[in-house]
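A short worksheet on the structure shown next.
The values are calculated or read from the model by the stated rules, or taken from the named source; none is laboratory data. Small disclaimer: the values here were computed from a predicted structure and weren't measured. As a convention, Cβ positions derive from the backbone with ideal geometry for all residues, glycine included, and neighbour counts pool all protein chains shown. Heads up: the accessible areas ignore ligands, DNA and RNA and are worked out on the full protein's heavy atoms, side chains in. Shrake-Rupley method; radii C 1.70, N 1.55, O 1.52, S 1.80 Å.
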Amino acid sequence: EVESKVLRDIIINNKERVKAYVSFHSYGSYVLYPYSYDGSNPSNVNELYSLGKDIAFAMHVYAPGVHYDVGNLKTMFNKTISGTSADWVKAVGEVDLTYNIVLPEGGSAGVNIPASRINSIVRETWDGIIVLAKYVIKKSNQERNV
């Protein structure tokens, strides 16, 4: 796919600059970190889990009726899937902070979020992204000062 090739090139050509990556999907309410293809944990699993909890909490504060679970597919559901961009970006792109944020389900098929919910889901998700961005800035500043 053209889009996949463009994403690959951006990640590979900017390894030193890319500090975080998020892929969005629907049908759930999850903050998932790698590795989905085999359920193994990356070396920074504690950081990913802790930050994931902070992201989930920020989204929950905006939307108290929505609770986001944090983990990887294997530990949460004893299930694996292959081909996620977050797994590739973490493993090959060497980006430390990678997540799949699975947005709340909706609509008849569960994946087609009703138009009436889009604005509120965008707003709650944005609060989570702000937490991620602030963490990246703080971590980058600390690394520069070492």
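Brief remarks on what is shown
- Of note, ALA58 satisfies the criterion of being aliphatic (A, V, I, L, M), surrounded by 18 or more Cβ atoms within 10 Å (Cβ to Cβ) and more than 27 Å from VAL6 (Cα to Cα).
- Top-ranked residue of region 63-77 - restricted to ones that are touching a residue at least 24 places away in the same chain (Cβ under 8 Å) and open to solvent by 60 Å² or more (accessible area, probe 1.4 Å), ranked as nearest to GLY39 (Cα to Cα): LYS74
- Any hit, region 92-115, residues being under 30 Å from ARG17 (Cα atoms), modelled with pLDDT of 90 or more and open to solvent by 80 Å² or more (accessible area, probe 1.4 Å): yes
- Any hit, region 58-78, residues being under 11 Å from the mean Cα position of the chain (by Cα), within 16 Å of ILE130 (Cα to Cα) and not acidic (Asp, Glu): no
- Matching entry among VAL45, VAL6, VAL2 (being out of contact with any Cys (no Cβ under 8 Å at 6 or more places or on another chain) and open to solvent by less than 40 Å² (accessible area, probe 1.4 Å)): VAL45
- Entirely in region 1-99, the helices (runs of 4 or more DSSP H) that have 2 or more residues that are touching a Gly at 6+ places or on another chain (Cβ under 8 Å): 2-13, 45-62, 73-77
- Top-ranked residue in region 116-146 [being in contact with a strand residue (DSSP E or B) (Cβ under 6 Å, 6 or more places away or on another chain) and at pLDDT below 95; ranked as most open to solvent (accessible area, probe 1.4 Å)]: ARG117
- Checking ASN13 against (1) more than 22 Å from VAL131 (Cα to Cα); (2) touching a residue at least 12 places away in the same chain (Cβ under 8 Å), the condition it does not meet: (2)
- Answer residue from region 34-64, given it is of a type in the set (Phe, Trp, Tyr) and modelled with pLDDT of 95 or more and is farthest from TRP126 (Cα to Cα) among those: TYR49
- Set ILE118, ILE101: member being farther than 28 Å from GLU143 by Cα and not small (Gly, Ala, Ser): ILE118
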